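Got a structure for you, written out below as structure tokens; questions coming shortly.
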Amino acid sequence: MNATVAINLSAAYSDHSQPLLRYCQRHTKCKEDAEEVVQDTFLNYYNYLERGSTVLNVRSFLFQVATNLLVDWARRRRREREQLLSLDALQEKGFELPQERSKTAETAMDIDRLLEKAGVNPLSENTLLLLRYKQGLPLTDIAKKMGISRNAVAVRLHRALKNLRLASKDFTAKSKATSTKSVIRMSK
């Protein structure tokens with residue numbers, strides 16, 4: 001580390017770390033997340049200085065970097081929340097996601113039946129769902145495996161989950177109707 005960089009970084013940290021932390025905490029509502037954003041902000045500042053760049057207004061620079069990181073943080077949180085909500089909705093409709101990594105054959109057959117009823121293309125969407133929820137792979141790894149962009153994986157997963165939700169709704173409605181018919185038959 002260059003001595004000038006070290007002095008600039010140290011001065012910036014002592015002058016701006018607390019106001020920056022308060023700013024980030026106000027937006028994240030979580031001290032740990034705010035500390036992470038502040039850490040990334042100073043890391044970006046360090047990398048900027050290491051490249052030989054100069055900053056005329058350090059406070060402005062740090063707060064702009066923190067704001068950009070907060071926007072990224074909020075987007076990431078929203079996506080995570082949407083994925084959890086869609087999985088929760090599936091579970092409320094009666095579709096149970098396996099708790100462990102290895103699925104039973106029966107669960108896999110149930111998923112195949114749901115996907116088939118939903119009209120889901122088993123080669124692409126089924127593969128995406130299995131890679132994401134059975135193997136727990138992140139979107140970037142799935143994109144690499146399938147040879148498509150990360151955004152395409154996200155869009156196709158969203159559509160597959162939507163189709164699965166619709167199929168699950170039909171599946172639970174039909175299974176309730178079937179069980180009601182069998183109870184009526186038994187009572188006769």
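Every number in this text was worked out from the coordinates using simple rules, so none of it is lab data. Bear in mind the structure is a predicted one, so any value in this text is a computation, not a measurement. Cβ placement follows ideal geometry from the backbone for every residue including glycine, while neighbour counts extend to all protein chains displayed.
Give me the extension gain from residue 86 to residue 55: residue separation times 0.36 nm, minus the current Cα-Cα distance, reported in nm with one decimal. Before the final figure, lay out the partial values.
On the way: separation 31, 0.36 × 31 = 11.16 nm, distance 4.40 nm.
The residue 86-residue 55 span can extend by a further 6.8 nm.
When ranked by the protection proxy of mean other Cβ atoms within 10 Å per residue, highest first, what sequence do the peptides 44-57, 13-26 form?
By packing density, highest mean first, the sequence is 13-26, 44-57.
Distance in nm between label sites at residue 145 and residue 166, each 7 Å beyond Cα in the beta-carbon direction?
2.6
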